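Asker: Take this structure, written in structure tokens, and hold onto it; I'll ask about it next.
The values are calculated or read from the model by the stated rules, or taken from the named source; none is laboratory data. Bear in mind the structure is a predicted one, so any value in this text is a computation, not a measurement. With ideal geometry, Cβ positions are generated from the backbone for all residues, glycine too; neighbour counts draw on all protein chains shown.
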Amino acid sequence: MSKIKVDKQTRDLLLQLQKDKRVLLEGNIIKVLEAEANDTEFEDYLKSVLEKDRDTRKKRLDITKQIQIQNQELVQKQEEISRINDELNASLEKTKAAMVRAEQAKEAALTDLDLLQKRTQTQLIGTIVKVALIVIVSVGIITTAMYGFALFTGVDTQIIGSTWSNMLGILLTNAFSIVGTIMGVKYASEKQE
């Protein structure tokens, strides 16, 4: 590559720019410029700007490499964040599914409990009705047997007859009252649901 010699005016202008404004030549143009044979001042200028240009290029290259490394690190961190977000979303979906299953299990348990309570309540009502009817029928049979015994033995049955009649009326009334109350409670409990 052939070197280019600058004229005196250009040389003086470049040196003056360096002194006054600290502006130096940069780039590949420095490699092709050449000082006159005995012009040590301009030769020193060219050497210093060439050295400074190399340093500047080296710094730029180092900064570029550093930026590339940082960009690679950022990409890796972004991938890691994306992976963690995916794992979190998967965990969240599993948690939601578990919550739905738990809610369904709760609803099933509440339904089973409600059915069990209704069955127990129905059994209790049935038992109460049976016991009440047994008591009523037993008292009725006993009272009727006593009245019948009094009739066959020839004892005065006027008091026993009216008592027997009242007792049967009370027993019938109580039987209907118990059954009616139980049915009313059952009906009211079904209405509340």
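Asker: Only one residue in ILE182, ILE142, ILE170 is surrounded by 10 or more Cβ atoms within 10 Å (Cβ to Cβ), touching a residue at least 24 places away in the same chain (Cβ under 8 Å) and hydrophobic (A, V, I, L, M, F, W, C), so which one is that?
Answerer: Values: ILE142 fails: touching a residue at least 24 places away in the same chain (Cβ under 8 Å); ILE170 fails: touching a residue at least 24 places away in the same chain (Cβ under 8 Å).
Of ILE182, ILE142, ILE170, the one residue that is surrounded by 10 or more Cβ atoms within 10 Å (Cβ to Cβ), touching a residue at least 24 places away in the same chain (Cβ under 8 Å) and hydrophobic (A, V, I, L, M, F, W, C) is ILE182.
Asker: Could I ask something else about it? For the structure I just gave you, tell me whether VAL135 is touching a Leu at 6+ places or on another chain (Cβ under 8 Å), at pLDDT 75 or above and in a helix (DSSP H, G or I).
Answerer: Against the criterion (touching a Leu at 6+ places or on another chain (Cβ under 8 Å), at pLDDT 75 or above and in a helix (DSSP H, G or I)), VAL135 does not qualify.
Asker: Same structure again: Take the conditions assigned to a helix (DSSP H, G or I), free of Cβ contacts under 8 Å to residues at least 24 places away in the same chain, among the β-branched types (Val, Ile, Thr) and closer than 30 Å to LYS19 by Cα and apply them to ILE81. Does it pass?
Answerer: Judged against the criteria, ILE81 is not a match.
Asker: Could you say whether any residue in the range 93-106 is out of contact with any helix residue (DSSP H, G or I) (no Cβ under 9 Å at 6 or more places or on another chain), under 30 Å from TYR187 (Cβ atoms) and not β-branched (Val, Ile, Thr)?
Answerer: yes
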